[in-house]
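Comments concern the structure below.
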Amino acid sequence: MSNPGVDTPGTDDGVNAELLAAVTDLGSALRELVDAAVTTTVGPAGLRAAAAAAREATAGLVLARRARTELPVLDDPVRFFRVYNPVSGVGSPLAPPLDVRAEGDGVSAEVSLGLAYEGPPSFVHGGVSALLMDQLLGAAAISAGLWGMTVRLELDYRGPVPLETALVLRARVTEDAGRKTVVTGTIAAAADPDRTLVDARGVFVAPRPERSEAYFGAITDASGRHAPPGRPTDATAVRPAGG
């Protein structure tokens, strides 16, 4: 049986290819807008015109909205396919987005973060590093055939992470103890991958059925059908090595 963590739905899986392409296009356009908004030096008139255009676009999008407990029509939590995930979702304006791949006994990803992720001037915000590592550690658990929700996340910041620089992120499972999984990972500059800038360690625990029901029992699919995820996690699919 294939590992559910390495399958990404495509048109053969019943995904609406036209809708997925449109969601991806909008996500890309919004990320471009976010980057432009935090780097522009245009004057007040240009900023007001952009704000008006943004509000006009928003007015068109809010005509049909999903509830907090309703999954997007494209999402498939069973296969960890989440289009609006804030780290890896192709439709999210918050996501870089991170493309996670299997590598050896773990996973890896490469990314370059723009000024929208700035903390100290010219460096990545420490909270963003935590967000990325939480996602990658969870993806490593999935790639190993495990899963769970984050119960502990520890980071050691060994050096500032530079913006607009190719970064390499890696993670692998270091302990499998039934419901508990321990995963470690790192962030480094791609040009100097052996010099760790951030060390991370996460503990993930699969919730007991009654706790999972309390957390996710109200979730529905896009049609309104009761559809609580059997493996409730925010991690997303891992591409096979070379895939």
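What follows is calculated from the coordinates using simple rules that are stated; it is not laboratory data. Computed from a prediction, not measured in an experiment: that's the story for all the values here. Glycine gets a Cβ as well: all are built from the backbone with ideal geometry, and neighbour counts include every protein chain shown.
A helix-only calculation puts the chain at -9000 deg cm²/dmol for mean residue ellipticity at 222 nm, using -39500 (n - 2.57) for each DSSP H run of at least four residues, averaged over all residues. In percent, rounded to a whole number, the relative contact order of the chain is 24, using alpha-carbon pairs under 8 Å and six or more apart. Checking [x] 42, 37, 34; [y] 59, 49, 34; [z] 47, 39, 35 against Cα extents along the principal axes in Å calculated from these atoms, the matching label is [y]. Take the Cα of Arg158, step 7 Å toward its Cβ, do the same at Tyr215, and the gap between the two points is 3.1 nm.
For the chain, modelled as a GNM whose springs connect Cα atoms under 10 angstrom apart, the maximal fluctuation among Tyr157, Tyr117, Tyr215 occurs at Tyr215. One decimal place: the segment Thr40-Thr58 gains 4.4 nm when fully extended, by the rule 0.36 nm per residue minus the C-alpha distance. Simple point charges give the picture: +1 on the Cβ of Lys and Arg, -1 on the Cβ of Asp and Glu, and for the chain a dipole about the Cα centre of about 600 debye. The slack between Ala29 and Glu110, meaning 0.36 nm per residue of separation minus the straight C-alpha distance, is 27.1 nm.
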